């Protein structure tokens, strides 16, 4: 699956597949993805991506669900390659910030999930 991002049935994918897919979709390094999920280390993200049965804390699972909500909402509107561009462009709804920067602030992925999760759903 390298290079191909498939958002179909993402909720049904294993946790580690979701982590890899979401991180690649939003263009985050493992370190950045850990930051988005509340200050986790790159080593933790790497372990999650490699381990078929990771055991994340509830708050980390909730953060992945929020990112999945964002991805699914954007996937209803755009192809994955366009989403990768979207995350790097300033967005008026996010106070002019790029979504990838906005998401790194504590709790902001939930704001984005709420904004995008209500589109067409």
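The values are calculated or read from the model by the stated rules, or taken from the named source; none is laboratory data. None of these values were measured; they are calculated from a predicted model. Cβ coordinates were reconstructed from backbone atoms using ideal geometry, including for glycine residues, and neighbour counts include every protein chain displayed.
Which of the residues that make up segment 77-97 are within 23 Å of residue 6 (Cα to Cα) and either surrounded by 15 or more Cβ atoms within 10 Å (Cβ to Cβ) or in contact with a strand residue (DSSP E or B) (Cβ under 7 Å, 6 or more places away or on another chain) (or both)? Once the filter is applied, which keeps residues that are within 23 Å of residue 6 (Cα to Cα) and either surrounded by 15 or more Cβ atoms within 10 Å (Cβ to Cβ) or in contact with a strand residue (DSSP E or B) (Cβ under 7 Å, 6 or more places away or on another chain) (or both), segment 77-97 yields 80, 83, 84, 86, 87. Residues that are over 11 Å from residue 26 (Cα atoms) and without any contact (Cβ under 8 Å) to a residue 24 or more places away in the chain within segment 66-100 comprise 78, 79, 89, 90, 91, 92, 93, 94, 95, 96, 97, 98, listed in sequence order.
Looking at segment 50-68 only, could you name the residues that are crowded, with 16+ Cβ neighbours inside 10 Å and either closer than 19 Å to residue 8 by Cα or over 16 Å from the mean Cα position of the chain (by Cα) (or both)? Residues satisfying the conditions are 54, 64, 66, 67, 68. Scanning segment 41-72 for residues that are in contact with a helix residue (DSSP H, G or I) (Cβ under 9 Å, 6 or more places away or on another chain) and closer than 16 Å to residue 108 by Cα gives 60, 61, 62, 63, 64, 65, 66, 67, 68, 69, 70, 71. Of the residues contained in segment 83-101, none is found to be on the phi > 0 side of the Ramachandran plot and at pLDDT below 90. Just one of the numbered conditions (1) surrounded by fewer than 20 Cβ atoms within 10 Å (Cβ to Cβ); (2) in contact (Cβ under 8 Å) with a residue 24 or more places away in the chain; (3) farther than 22 Å from residue 76 by Cβ is not true of residue 10: (3). Annotation for segment 69-76: no member residue is surrounded by 15 or more Cβ atoms within 10 Å (Cβ to Cβ), farther than 20 Å from residue 118 by Cα and either modelled with pLDDT under 90 or out of contact with any strand residue (DSSP E or B) (no Cβ under 6 Å at 6 or more places or on another chain) (or both).
Regarding residue 103, is this residue over 13 Å from residue 36 (Cα atoms), within 12 Å of the chain's Cα centre (by Cα), surrounded by 14 or more Cβ atoms within 10 Å (Cβ to Cβ) and touching a residue at least 60 places away in the same chain (Cβ under 8 Å)? No, not satisfied. Pairing each residue of segment 25-45 that is free of Cβ contacts under 8 Å to residues at least 12 places away in the same chain with any residue that is assigned to a loop (DSSP other than H, G, I, E, B) and surrounded by fewer than 21 Cβ atoms within 10 Å (Cβ to Cβ), provided the two are 6+ apart or on different chains, yields C-beta distances under 6 Å for 34/40; 34/41.
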